[in-house]
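The values are calculated or read from the model by the stated rules, or taken from the named source; none is laboratory data. These numbers come from a predicted model, not from an experiment. Cβ: placed from backbone, ideal geometry, glycine included. Neighbour counts: every protein chain shown. Surface accessibility is based on the protein's heavy atoms, side chains included, excluding ligands, DNA and RNA. Shrake-Rupley method; radii C 1.70, N 1.55, O 1.52, S 1.80 Å.
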Amino acid sequence: MDFAFFEGKIVPVEEAKISIMTNSFHYGTAIFEGIRAYWNEEEEQLYILFAKEHYERLLTNARCLFMELNYSAEELVEITKEILRKSEIREDVYIRPIAYFKDLKLTPKLIDYTPEIAIYLYRFGRYLDTSKGIRAKVSSWRRNDDNSIPSRWKVAGAYVNSALAKTEALMSGYDEAILLNSQGYVAEGSGENIFIIKNGKAITPSPNEHILEGITRNAVITLLKKELVVEVEERPIARSELYTADEVFLTGTAAEVTPVVEIDNRKIGNGEIGPITKQLQEFYFNAVRGKIQRYKKWLTPVYDK
Ligand code: PMP
């Protein structure tokens, strides 16, 4: 049975229910996170990836919405470990914390309300096809601007934008959407950051280009620089640079490192997973499962040994 953290207690997930009158449900004023835990079969250990970093981002984002949660990042990591142990997870799993205003009130505002945090689990493997690569479409929807709903925050309401773009891509026969920002430069995927490779160099939009500052993005920048010895440039990317890139890939907790082999019906490179993307995937998948000693600092073990 899967357990969840709800209103201060760990309960069976079926018991974790909110009222239809919940304020944040109506206005999207919830802050959430997506965290993965990877099962290491040899060590019989479950590793949470970047646990503290995700909770720190959640708490920082929550404070921007005037949500003072009475937990530290460390306490939320401990609660998460307890949920995983109680649910006896021995496989890869996705963890979804969500902070929201629980008040049964009508006004869309952020003050004088009561924040709450819930944490639950999703059992799923791949989010996108990391082995074959995906086909993406540049969306007709623009990424929400920092001066309307900041993309920097994982705020529920901002995901209407993601849902519109993802749906348009799926209905047009593609796997994923790539959104441009209000200036017309490449921002990110519907739930992923984006990198292009050109002439052996990696290029990705910088954090002030209306993107979420992905935790995977940071990890991948480290792997590119340290392991692959690939230079990384953070700068605006024009739409046409996508079509002429040698390789394109998306990064995210759910998406991991997903190669993009076609954009708007144009093959990227030779239409197959590129060599840098392939090497990066290998490092990433080994690191997150605890198979590279020097990256074990990214991981939090769940079971006591
Ligand atoms: N951009 C968006 C819009 C996202 O939803 C996500 C997923 N959290 C990302 C980028 C990647 O962020 P992270 O690597 O922290 O999961």
* **Selection status of Ile95, open to solvent by less than 20 Å² (accessible area, probe 1.4 Å), within 16 Å of the ligand (Cβ to nearest atom), in contact with a strand residue (DSSP E or B) (Cβ under 7 Å, 6 or more places away or on another chain) and within 30 Å of Asp264 (Cα to Cα)** => no
* Among the numbered conditions (1) assigned to a helix (DSSP H, G or I); (2) surrounded by fewer than 20 Cβ atoms within 10 Å (Cβ to Cβ), tell me where Gln183 comes up short. => (1)
* Residues located in the range 40-63, provided they are open to solvent by 10 Å² or more (accessible area, probe 1.4 Å), away from the ligand (no atom under 14 Å from the Cβ), touching a residue at least 24 places away in the same chain (Cβ under 8 Å) and within 19 Å of the chain's Cα centre (by Cα) -> Tyr47
* Asked: How about the range 207-233: which of its residues are among the acidic types (Asp, Glu), more than 16 Å from Ile178 (Cβ to Cβ) and away from the ligand (no atom under 11 Å from the Cβ)?
  -> Glu227, Glu231, Glu233
* **Subset of the range 113-134 [buried (at least 20 other Cβ atoms within 10 Å of the Cβ) and within 18 Å of Gly252 (Cα to Cα)]** => Leu121, Leu128, Thr130, Gly133, Ile134
* **Every pair of residues 6+ apart whose Cβ atoms lie under 8 Å, when the first sits in the range 135-151 and is touching a residue at least 60 places away in the same chain (Cβ under 8 Å) while the second is among the hydrophobic types (A, V, I, L, M, F, W, C) and assigned to a loop (DSSP other than H, G, I, E, B)** => Arg143/Ile211; Ser151/Ile211; Ser151/Leu212
* To do: Check the range 138-155 and report whether any residue there is more than 21 Å from Val248 (Cα to Cα) and more than 16 Å from the ligand (Cβ to nearest atom).
  => yes
* Among (1) more than 20 Å from Asp146 (Cα to Cα); (2) open to solvent by 30 Å² or more (accessible area, probe 1.4 Å) - the single one Thr258 does not satisfy -> (2)
* For residues in the range 181-206 being touching a helix residue (DSSP H, G or I) at 6+ places or on another chain (Cβ under 9 Å) and of a type in the set (A, V, I, L, M), which is nearest to the ligand (Cβ to nearest atom)? -> Ile194
* Asked: List pairs: first in the range 70-91 and more than 12 Å from Phe3 (Cβ to Cβ), second open to solvent by 40 Å² or more (accessible area, probe 1.4 Å) and in a loop (DSSP other than H, G, I, E, B), Cβ under 7 Å, 6+ apart or cross-chain?
  -> Glu91/Arg123
